[in-house]
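For reference, the structure discussed in these notes is given below.
The values are calculated or read from the model by the stated rules, or taken from the named source; none is laboratory data. Since the model is a prediction, treat every value here as computed from it, not as a measurement. Virtual Cβ from ideal backbone geometry, glycine too; neighbours counted across all protein chains shown. The accessibility values were calculated without ligands, DNA or RNA, using every heavy atom of the protein model including side chains. Shrake-Rupley method; radii C 1.70, N 1.55, O 1.52, S 1.80 Å.
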Amino acid sequence: MPCQSDDELNVLVKEAKKYTKDGKVADYIPALGRANPHDLSIAIQFPNGQCISAGDIDRKFTLQSISKVISLAFVLMDRGQSYVFERVGMEPTGDPFNSIAKLETLSPAKPLNPMINAGALVVTHMIKGNGINERFQRLLSFIREMASDSSIQYCEEVAQSEYNTAYLNRALCYFLKHHHIIEEDVEELIDLYTKQCSIEMNCLELARIGMIFAMDGMDPESGKQIIPVHIARICKTFMVTCGMYNASGEFAIKIGIPAKSGVSGGIMGAVPGKFGIGIFGPALDEKGNSIAGIKLLELLSKNYQLSMF
Ligand SMILES: NC(=O)CC[C@H](N)C(=O)O
């Protein structure tokens, strides 16, 4: 079913777009710096197949940290909770996503949660498979199934751009390797992680993935339980407590839905039992979240009482 342009969403996008001037496109990964800061798009995917949208919905963007929720679900299915949470914690940090500060808080080098880069690198390390390519293709197939689009790929330009500049993530990896939290070659893990973060799609496909999480891992179109219910719920809980990094508390108060942001300007929302949301707005606030995307969600939550609290 094609996604219908929605008049009410178009009004909200027009209002939220005013805030793009106050944000800045991420450029620490040089290839991300080429995005148009004034782009803003949204799609809402309902379990009955209906989809509504507004804005620049054809724009593709890389998942970046949004991929961390999906890789966590995948690895929990691959390895089980006890194995995963022996190696990464469950607590929010209140720190920026790339912080190294609290890596020694828990038994040395255990990252506090899987949404910060240190934790996400450990999760990606746990993806099963023989070699980088097989491990990446397994994760990509999982994402294609959730998005119901077998053409989804990764952006080689963004992946290479991040690989060439991932100095801090390499530092995190070497610290984690020293403490035997990760065991593989750091360059190979960075290769896999940058490909994972560079998987690209538009807001329509992202909204469908959000809808799968909103429906506790069930794909209503195929009737398949793509993610076990208890794992989908773990992922939504991390989205609430850590999904927006050191803005997660304010986001829970003002908007109140499970959501995960990425530095390319994507936000995935999962309104429990109702629908998924995909947003793209590359102008970021000082915490690395889409400034207009958050404003759009604030308007939606207020107008339609979306808060789960
Ligand atoms: N917050 C983000 O989206 C960060 C993801 C990015 N690939 C990084 O590791 O820095």
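Laid out as a table, the results:
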quantity	calculated
Qualifying residues in segment 10-63 (those that are in contact with a Cys (Cβ under 7 Å, 6 or more places away or on another chain) and of a type in the set (S, T, N, Q)) - the one nearest to the ligand (Cβ to nearest atom)	THR62
All positions within segment 144-185 that are of a type in the set (A, V, I, L, M), within 19 Å of the chain's Cα centre (by Cα) and either within 16 Å of the ligand (Cβ to nearest atom) or within 14 Å of TYR28 (Cα to Cα) (or both)	VAL158, ALA159, ALA166
Residue ranges of helices (runs of 4 or more DSSP H) in segment 158-270 with at least 1 members under 23 Å from ALA101 (Cα atoms) and at pLDDT 95 or above	167-178, 186-197, 229-242, 248-254
Qualifying residue in segment 127-136 (condition: under 18 Å from the mean Cα position of the chain (by Cα), within 14 Å of the ligand (Cβ to nearest atom) and either open to solvent by 20 Å² or more (accessible area, probe 1.4 Å) or assigned by TED's automatic domain parsing to the domain that holds GLU86 (or both))	no
Residues of segment 3-37 that turn out to be in contact with a Gly (Cβ under 9 Å, 6 or more places away or on another chain) and touching a residue at least 60 places away in the same chain (Cβ under 8 Å), as a count	11
Subset of segment 8-51 that is among the polar types (S, T, N, Q) and within 18 Å of LEU300 (Cα to Cα) - its residue that is most open to solvent (accessible area, probe 1.4 Å)	GLN50
Residue list for segment 108-129, filter: without any contact (Cβ under 8 Å) to a residue 60 or more places away in the chain and among the polar types (S, T, N, Q)	ASN117
Candidates GLU221, GLU188 - the one that is surrounded by fewer than 18 Cβ atoms within 10 Å (Cβ to Cβ), in contact (Cβ under 8 Å) with a residue 24 or more places away in the chain and not assigned by TED's automatic domain parsing to the domain that holds ILE42	GLU188
From the options MET215, MET239, MET268, MET211, residue that is outside the structural domain of ALA166 (by TED's automatic domain parsing), open to solvent by 20 Å² or more (accessible area, probe 1.4 Å) and hydrophobic (A, V, I, L, M, F, W, C)	MET215
